[in-house]
Every structure is written in C-alpha cells, then in structure tokens.
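Asks: Questions regarding the structure given below will be posed in turn.
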Amino acid sequence: MTALPIPPGAAHDERSFWTTATTIKSWLVTTDHKRIGILYFVATTSMLFLGGIFAIIIRLEHLTPGPTIVSAETYNRLFTLHGVIMVWLYMIPSIPAGFGNFLVPLQIGATEVAFPRLNLASFYVYVIGAAVVIGSLFAGGVDTGWTFYAPYSARTPATVLPTLIGIFIVGCSTILGGINFIVTIHTMRLRGLGWMRMPLFTWTIYATSIIQILATPVLGIALTVIGLDHTFDWGLFDPARGGDPVLLQHLFWFYSHPAVYIMILPAMGVVSEVIPTFAHKNPYSYRAIVYSTLGIAFVGFLTWGHHMFVAGISRFDAAAFGLLSMLVAIFSAIKVFTWVGTLFRGSIELAVPLLYVFSFFFLFTFGGMTGVAVATMSLDVHWHDTYFVVAHFHFIMVGATFTAFLSAIHYWFPKVTGRLYARKPALVGWALVTLGFLVTFTPQFLLGNGGMPRRYYDDPVGFSVLHVISTMGSWLLTLGMFVVLGVIVHGVARGAKAGPNPWHSRSFEWRTASPPPKRNFVGPIDFNIGAYAYDVADEP
Amino acid sequence: MIVLPDLARHALGLPVEATPTAASVDSLHAAVITTTLVGTACVAAVTFVFVLRYRRTREAPAATPRIVASGFREWLTASAVLALFVGFWAVGYVQYTSIERPPSGTLVVYVTAKQWMWQFTYADGRSSEDVLVVRAGTPFELVMTSRDVIHSFFVPSFRIKQDTIPGRWVTLYVDAAAPGSYPIYCAEFCGVAHSHMLGEVRVLDEADYAVWEREATHDGYAARGREVAASHGCLSCHALDGQKRAGPSFAGLYGSRVPLDDGRVVIADEAYLTHSIVDPLADRVAGYPAMMPSYHGQLSAEETGALLELIRSLRDTLPTQGRVP
C-alpha cells in the first residue's frame, strides 16, 4: 500500500506537544487544539466537582424528613445551581470540547482545527460565562430550577439575571465550538479519507456540533425573554397582560431536549471507539451507528413536547410528540445491539475502559427504556415531575454520559499523557462508581412510583427509607470519584511509559506518537488500513 | 383488563389504586417495566456470555474475522423494536385521552391553586381549602386554574396530574373513586413552600356524602355567578333565558357547537368561554357585532369560575341545534 501524503504543515519536530513549550503563558495563549482540549478538560472537570458538592448537600438534606442541614431557600438554590452547572458548565462542553478538541484532528489526519484562534476564544468565552454563573452565587443565587419556568422565574425575589447572562455567554462558546468542528471535519480530512471511513467518535462530534449551532440560539432567545420579564417586568409570560406562561416551556424545551443529545451523542462516540479497540473487532455495523447518530440528531429536534404532557397541550400534540419520541429510542436500541454484536467472535480484553462501557450498556439500556416508559403518555401523567424522572435522566446523564466520560479518560490516558494508569486502583474506582451510582439512583425510581415529587425540600410521608439509601449511595459514588481522581493524578505523575499504542487499536489517532508531537504527525501518514480493520494481522 | 397483583404493586412502590383508571394505568406500567427489566437483563446476559466465550487469553491480540450485519437483519431488528414501542404508545394514548375526556353528568369542582394552597369550590357555592370532598362511585370533573404561578395537581392514588396555569382553565376528569382519603401534592416547583403545598381528596360513601351535602348553607355557586354577571354588566348583552341581545344568550350555550364569523365551528367549553372573556373578538360568534370589551385582568379566578358555573348550570335551559351529546 502506498502511504498517504504528509498533511500540510506537518513538521519534522518529533517532540511532544507537552515539551515544545512549557511556560504558563504558552498554555494560556496556545492555539494547539490538544492543549485547548486539556484546558477544557481541566475547567469542565472542576465544574463537575463543584456541581457534585451541591449534589452531596442536596442528598444530605434528604437524610431526614424536615430540615436537616440547610433551609428551604438554600435547598432551592442548590438544586438550581446543581442543574445549571452540571448541564451547561460540565456535561455539554466536557466530551465535545475536551476530548473532541484533542482527538478530532488526530482522527482525520489534520494538523490543527480550521480556526485555531477561534478555538482559543471559545474557551475564554466559556470561562467568562462560567465565572458569571458562579458569581451569581454571591449575588444571592437563583431558585427557579434549571428550567426557569415562567411566571415563577419572572416573580421570584431571587436574582435571576446574572445566571441567565452567564448561561447565555456559555451558549456563545458552544456555538463557536460547533462551527469550528463542522468546518474542520468538512475541509481538513486527510486526502483520501472519505466520510464513511471516518472514526465513529468524529461522526458523533459532527452530529453534536450541528445540534449545537441549530438549537443553542433558541436557548439564547428563551434566556433573553426571561431576563427581560424578570428585570423590566415586561409581562411576556403574564396572562393578566396577555402573555402565555406555557410559551416559555416550548422555547426552553426546543433547545433543552436536543441538548440531551448534545450530552449523550459524544458519549456514544466514546463507546463506539472503546468497544472495537478492546474487542479487537470491527463494529458489527459501522453504517448503522453512523445513520442512527444522524437520526438521533434530527429526530431530537421533534420531541420537545414530551416534557409537557400535563401542561395542557392538545391531544394531537401529545400523540405526535409521544410517537416521535419512540423513534429516538429505536435509534438508541440499534446502537446497543450493534455494540453488543461487535463483541461476537472478538478478542476481548477486560481493560478498565471496557468495564466502564459495560456499566454504560446496563445503565444506558435501563435508562433509555425508562425513557420509553415516560414517553408513554398515560404513564408519564403519574411520573411527570416525580423522582422517577429524576432517576431516569440521571441514568442517562450520569449512568451513560458520565460513565462514558470516565471510560474516555482511561482509554485515551496513554494517548494524552504517554503513560499508563495503575490498573488495580482504577478497577476499584470503576467498581465504586458503578455501585455507588446504582445505590443512589435505583431507589429514586421507587420514590417516583410512590408519588414523591421532585424539588421537594420536605418529605411528605413515608418515603424516607429510600431517601436514606439514596443518600448513602451518593457517598459511595463520591468515594469512587476521588479514587478515580487519585488514579489520574498518580498516572500523570508516576505512570509507566505507555508506548504509542498500548491497546493495539487501529483507530487513526493511535497512528502517531503518544503523546502526539505538536503538529500531530511526523512524516507520511498511513490511513490506508481502515480505523476498524482488525482482520488485518499487522499493526499499521 | 389484567389487574396488577398487590405483590407487584408493592414491589414497584406504587400507592393504592383508588380508581379504575389507576388500575389500568398500572397494568401498562407493569408491562413496560417488565419489558425494561427483561431487555436490560438480556443485553447484560449476552454481553457476559460474549466476554466469557471470546475473552483474550494471550498478551497480544490476533486478527479477528470481519463480520458485518446484513441490511435485512438491521431492518428486522429495528422494525420489531419499533412495533413494541409503538404498541406501548398506542395503549398509552388511549388511556391518556380517557383521562382527559369527561362524560356528561359528572360532579364538577372548581379548583384554584395559589402559593401555597388549594381552594376547591363546589356547585352549591361552598368552598374548602386543601380538602376536596367528592362522592364515591361518581366520576367528577375538576375545572382548574392558578392565581399566581404554575402549580400541578397530583393525586398519586388516582395516577393523575394536571398543571394549573394562571390565565387558563383546564379540565381534568377523575374516574369513580373508592371511599378513602388520598393525598394531593403540588408537582410543579412553585417556590419556597412547594413541598408544603399539600392537600387531601376525601372520597365519601353515599351516607357520609349525604350528611356533607346537608351541611350546605351557601347559595349556589351559579347564584354567585349571576351576581358577578350582573355587577360586571354582562347581562345587558347576554340574556339568561335564550333571548338574542347584542351577544349570545348563556342559555344552552355550554357544550354547544358555535359557528364563528370566520366560518369555523367550535365547541363552547371552558377553554373557549374563558378565552372569550379575556379576548372576545378573537373567536367571535357569527351574527353578532364586534363590540364586547376585553375583561382581561378585571375578574378574579373565583369570579371567572362562578361565571363558568352559571353558564354550565344553564346548559339544559334551552336545547339548541347541534348539541354535543
């Protein structure tokens, strides 16, 4: 086979991107997508821990009925900021802006992204937005829930505006990041690398970016009108002046339902990379994974009404949104079958990233199927706004996305750092996180069945035992996260040298040194052997 | 209809089923959750078997065969799963609409939610706070609104929930309930005392209900509606006896098919009537002049409810053509 050409700009400098420049300034003004990816990773992971602290306090409050450690006012601010920080500051940027930045150019044979300076700008826009959101804590905090439903958000005595402005700014960063990935993937693929040969992770980043640039502007509209209503008393959602409170719900969920797929699609991309690598096997159907990714991105825009089955929408609307929601479940089911099928006749290595993916299988399938359950209209009438819904979306957001995030950390750890993590502590971390998650969130399904509404400071009657179990689970989960943190810090500082491709992966990002040189590749690149060609005996 | 055994209901943590609707919703619940558990277990089991069977034994992996799913198999799997999910959807749709659509001749209770209490007003004019009294075995209809922010009326034992929205009246139909007392929760976040916005549905049997009814001392809620109509000048244009004045008469209006001036025909239900109070010219009845002013912000929720009850009470006064049965 002939080697493909050297990408334009590839240098002969073999030093890794870590060592070419080491000053703090070289990091703060870097336009290297790998360094920007790491900056994003550090920033979003810090937000994960901040949002986690709020979650721990919320769970502690539920340890006993009645007041436990915080007041009702504080509790309402805590669950609002937990949602805002986890959704906008951690989950939406974490995998796309962190891992996506690092990996997409490597996976398509490019030396950089299309707009390196815009990429750095989007990071700083994110930092400013995050700072404003966190600053709103000191302005008294916001108590509307992350959904900002009107007219409560227009009437609340809490200061809503700083939080709205902060999220608006973060939204701008999301759009800039999305544009950058789309242009990069369209124009900077290595000559000869067709769309249907692209690694699957890059495909999911592409689909995610499309959602980001189409849906985020609508979030901007929703946040703007809430801000105007609260600050200047415009009465846009005040029925006494001709406004409609339900209108905001349509605007909000038109963004926020697709946003769920911004959070889950990159996680599916991680899974689609980890399984072929550790099963040493081609995906059972590359085509099915690509088309179902695009299908989710498209249909995701047409399902927002399933958040409003009891908000007084018409029967026709409810029926249409319920049916379209089932289509998303189909695309997800196709993916699960394809992933499991990939294991068939593989050569499976039970490495830590793959164990996280197995946790993902279980939690995502259960979480996704309960999504089918809440999309079934008559059942949703009972479950809507109860802990059942809380458990369902935490199975997807934490059980699936966060688990995939941890899988990604372990899988690409040698790629980014050139070192190996310590396997046994990592196994302990995996076991604690998975067990802690199950103990925290499984009881919440039963709480919801019993009728416990969400966002309740007090516990009406009889749900307490399940709350206590759930709170104890959150301690286990926290412990697990600190073990994982310890594994990462230890691995960065003391990990054994990994070599360029410790997992024997065929995916394109592993065909250069680990960690990669500043310009990603040195010399000609060989992408002739496919990213999932495990029927070829020689390593490319 | 399959009835869910008590054991299964306890295992799922579900509260008692106080209405036939609750029992049928629970049957679908059991079917969907069983499918979820079985589906998840199958994925886990197949994964486990593959891992046992194909686990890598040597240090370095050997080449593996290239296996690709056939298009036929992909379509077959997708269609089978889709058929299952659409089946859930279809049963859910039928149940969902049965909750929404009331038969005629039910008891009516007007519900006004506000931070942080529930107010119930009955057709005889009485009202109660946080305790809703209904008769066992008789279906009832709740006509609901909110005075401030969005709340949500939730009775777990009935498996029903409905948001109450300021400026809008929504109806909720409840099947014949068994005697007992069932908690009401507010399910939409509404501020600092959200978790204390609790209530109780007291379903009385025939004898107790009769006692409760005899305690009635108020004038009817429709009589209150008559006062409201008189004091706001409604009656100068809307007669109560079927006469045609500047506006349509209230007699026989409720539930009738009303032709509009733009050719559409609507049913005069709560939504249409309250909309016509706040924005009269938007859906104007054919044959009447466009002259009614908007009563936007001039009527309290209680007054609007009283007007609705007045109009409802006159539904059989003068049978009109095209009544909805």
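The values are calculated or read from the model by the stated rules, or taken from the named source; none is laboratory data. A quick note: this is a predicted structure, and the numbers were derived from the prediction, not measured. Every residue, glycine as well, gets a Cβ built from its backbone with ideal geometry; the counts of neighbours run over all protein chains shown. Heads up: the accessible areas ignore ligands, DNA and RNA and are worked out on the full protein's heavy atoms, side chains in. Shrake-Rupley method; radii C 1.70, N 1.55, O 1.52, S 1.80 Å.
Asks: How big is the convex hull of the Cα atoms of chain B, per residue, in Å³?
Replies: About 229 Å³ per residue, rounded to a whole number.
Asks: Then there's this: So, counting K/R as plus one and D/E as minus one, what does the shell of residues with Cβ under 9 Å around A:Leu106 add up to?
Replies: Summing Lys and Arg as +1 and Asp and Glu as -1 gives +2.
Asks: Could you report chain B's accessible area per residue, 1.4 Å probe, as an integer in Å²?
Replies: Spelled out: the 1.4 Å probe surface of chain B, per residue, equals 45 Å².
Asks: Also: Under a 1.4 angstrom probe, counting protein chains only, how are A:Val104, A:Val127 ranked by accessible area, largest first?
Replies: If we order A:Val104, A:Val127 from most to least accessible, we get A:Val127, A:Val104.
Asks: Continuing with this model, one more query. State, in square angstrom and to the nearest 100, the accessible area buried between chains A and B, both chains counted, probe radius 1.4 Å.
Replies: Roughly 7600 Å².
Asks: Could you work out the local net charge near A:Ser464, counting Lys and Arg as +1, Asp and Glu as -1, over the other residues with Cβ closer than 14 Å to its Cβ?
Replies: Counting the neighbours of A:Ser464, the net charge comes to -2.
Asks: What percent does the relative contact order of the stretch B:221-313 come to when contacts are Cα pairs within less than 8 Å and at least six residues apart?
Replies: About 34 percent, as a whole number.
Asks: Towards the positive end of the charge dipole of the protein assembly as shown, with charges on Cβ (+1 Lys, Arg; -1 Asp, Glu), say which of B:Pro5, B:Val134, A:Met91 has the farthest Cα.
Replies: About the Cα centre, the residue reaching furthest to the positive side is A:Met91.
Asks: Can you compute the FRET efficiency between B:Ala11 and B:Asp130 using 1/(1 + (r/R0)^6), with r the Cβ-Cβ distance and R0 = 30 Å? Round to the nearest 0.05.
Replies: It comes out at approximately 0.40.
Asks: Sticking with this structure for a sec: For every other residue with a beta carbon closer than 13 angstrom to the beta carbon of A:Trp203, add +1 if it is Lys or Arg and -1 if Asp or Glu, then tell me the sum.
Replies: Charge balance in the 13 Å sphere: +3.
Asks: To continue, here is another question. For the stretch A:34-511, take every pair of Cα atoms, bin their distances at 20 Å starting from 0, and report each bin as a whole percent.
Replies: 24, 60, 16, 0
Asks: Report relative contact order for the stretch B:181-240 in percent, whole number only (criteria: Cα-Cα under 8 Å, sequence separation at least 6).
Replies: Normalised by residue count, the contact order of the stretch B:181-240 is 25 percent.
Asks: At 7 Å along Cα-to-Cβ for each site, give me the label-to-label distance between B:Ala123 and B:Arg245 in nm.
Replies: 2.5 nm
Asks: Take the alpha-carbon centre of the stretch B:190-236, take the same for the stretch A:123-138, and report the distance between them in whole Å.
Replies: Using only Cα atoms, the two centres lie 50 Å from each other.
Asks: Express the Stokes-Einstein translational diffusion coefficient of the stretch A:439-540 in µm² s⁻¹, to the nearest whole number, given a Kirkwood radius over alpha-carbon pairs, 25 °C and a viscosity of 0.890 mPa s.
Replies: It comes out at roughly 132 µm²/s.
Asks: Please give, to one decimal in nm, the separation of the simple spin-label points placed at A:Ile213 and A:Ile529, each 7 Å out from Cα toward the Cβ.
Replies: 3.5 nm
Asks: What value, in deg cm²/dmol to 500, does the helix sum -39500 (n - 2.57) over DSSP H runs of n ≥ 4 give at 222 nm once divided by the residues of chain A?
Replies: Roughly -21000 deg cm²/dmol at 222 nm, from the helical runs in chain A.
Asks: Oh, and also: Counting Lys and Arg as +1 and Asp and Glu as -1, each charge on the Cβ, what is the dipole of the stretch B:221-313 about the Cα centre in debye, to the nearest 20?
Replies: For the stretch B:221-313, the charge dipole is close to 280 debye.
Asks: Are there trypsin sites (Lys or Arg not before Pro) in the stretch B:227-325 that DSSP puts in a loop and that have at most 12 other Cβ atoms within 10 Å, and which ones?
Replies: Loop-located and lightly packed - B:Lys244, B:Arg245, B:Arg264.
Asks: Considering only protein heavy atoms and a 1.4 Å probe, what is the carbon-and-sulfur percentage of the accessible area of the stretch A:1-122?
Replies: Here carbon and sulfur together make up 70 percent of the probe-accessible area.
Asks: For chain A, find the longest principal axis of its Cα atoms and tell me its angle to the long axis of helix A:423-450, 0 to 90°, nearest 10.
Replies: 30 degrees
Asks: Using a probe of 1.4 angstrom, how much of the accessible area of the stretch A:210-360 is carbon and sulfur, in percent?
Replies: Its accessible area is 74 percent carbon and sulfur atoms.
Asks: If you don't mind, another one. Return the calculated 222 nm mean residue ellipticity for chain B, to the nearest 500 deg cm²/dmol, obtained by summing -39500 (n - 2.57) across DSSP H runs with n ≥ 4 and dividing by the residue count.
Replies: Computed mean residue ellipticity for chain B: -11500 deg cm²/dmol.
Asks: Further question on the same structure: Mean shadow of the stretch B:220-261, computed from the convex hull of its alpha carbons, in nm²?
Replies: That works out to 3.5 nm².
Asks: Against the longest principal axis of chain B, how steep is helix B:221-231, in degrees 0 to 90 to the nearest 10, with axes from Cα atoms?
Replies: 60 degrees
Asks: Then there's this: Nearest 20 debye, what's the magnitude of the dipole of the stretch B:107-217 about its Cα centre given +1 on Lys and Arg Cβ and -1 on Asp and Glu Cβ?
Replies: 280 debye
Asks: What share of all Cα pairs of the stretch A:217-356, in percent, falls into each consecutive 5 Å distance bin?
Replies: Per 5 Å bin, starting at zero, the Cα-Cα P(r) for the stretch A:217-356 comes out as 2, 9, 15, 15, 13, 12, 9, 8, 6, 5, 3, 2, 1, 0 percent.
Asks: Against the longest alpha carbon principal axis of chain A, how many degrees, from 0 to 90 and to the nearest 10, is the axis of helix A:286-299 turned?
Replies: 30 degrees
Asks: Could you tell me which residue out of B:Ala290, B:Ala268, B:Gln243 lies farthest along the dipole of the stretch B:221-313 toward its positive end? Charges go on the beta carbon: Lys and Arg +1, Asp and Glu -1, centred on the Cα centre.
Replies: B:Gln243
Asks: Take the Cα radius of gyration of the stretch A:285-403 and divide it by 2.2 N^0.38 Å, with N its residue count; two decimals is plenty.
Replies: 1.18
Asks: Rounded to two decimals, what is the ratio between the C-alpha radius of gyration of the protein assembly as shown and 2.2 N^0.38 Å?
Replies: For the protein assembly as shown, the normalised Cα radius of gyration comes out at 1.04.
Asks: Taking the Cα of B:Ser79, stepping 7 Å toward and past its beta carbon, and measuring to each backbone N in the stretch A:281-299: which are under 16 Å?
Replies: Of the residues in the stretch A:281-299, none has backbone N under 16 Å from the label point off B:Ser79.
Asks: What do the square roots of 5 times the Cα gyration tensor eigenvalues come to for the stretch B:160-317, in whole Å, largest first, as semi-axes of the equivalent ellipsoid?
Replies: Working through the eigenvalues yields semi-axes of 33, 20, 16 Å.
Asks: How many Lys pairs in the protein assembly as shown lie less than 24 angstrom apart by Cα atoms, where the lysines are 8 or more positions apart or on different chains?
Replies: Lysine pairs meeting the criterion: 14.
Asks: Can you compute the charge dipole magnitude of chain A about its Cα centre, using +1 on each Lys and Arg Cβ and -1 on each Asp and Glu Cβ, nothing else charged? Give it in debye, rounded to the nearest 20.
Replies: In total the dipole reaches around 1380 debye.
Asks: Distance between Cα centroids, the stretch A:163-204 to the stretch A:432-450: provide it in whole Å.
Replies: Centre-to-centre distance over Cα atoms comes out at 34 Å.
Asks: DSSP loop trypsin sites (Lys or Arg not before Pro) in the stretch A:155-196 with at most 14 other Cβ atoms within 10 Å of their Cβ, which ones?
Replies: A:Arg191
Asks: Could you work out how far apart the two model spin labels at A:Ala496 and B:Ser294 are, taking each label as a point 7 Å from the Cα in the direction of the beta carbon, and quote it in nm?
Replies: Taking the simple label geometry, A:Ala496 and B:Ser294 are separated by 7.5 nm.
Asks: Can you pull the three principal axis extents for the Cα set of the stretch B:107-217, in Å, largest first?
Replies: Here the Cα extents, ordered largest to smallest, are 39, 28, 22 Å.
Asks: Using Cα springs under 10 Å in a Gaussian network model of chain B, which residue among B:Glu302, B:Glu213, B:Glu200 shows the largest mean-square fluctuation?
Replies: Checking each option, the largest mean-square fluctuation is seen for B:Glu213.
Asks: Next question, about the same structure. With 5 Å bins from zero, work out the P(r) of the stretch B:221-313 over every alpha carbon pair and list the percent per bin.
Replies: Pair shares across the bins are 3, 14, 25, 32, 19, 7, 1.
Asks: Quick one: what are the phi-derived ³J(HN,Hα) couplings along the stretch B:132-148, Karplus 6.51/-1.76/1.60 with θ = phi - 60°, whole Hz, x for glycine and proline?
Replies: For the stretch B:132-148, the Karplus curve yields 9, 9, 9, 9, 4, x, 10, x, 9, 10, 9, 10, 10, 8, 10, 9, 10 Hz.
Asks: Now for a separate question. May I ask you to list the trypsin sites (Lys or Arg not before Pro) in the stretch B:61-144 that are in a DSSP loop and have at most 14 other Cβ atoms within 10 Å of their Cβ?
Replies: B:Arg66
Asks: I've got another one for you. Gap in Å between the Cα centre of the stretch B:237-307 and the Cα centre of the stretch B:81-96?
Replies: Using only Cα atoms, the two centres lie 38 Å from each other.
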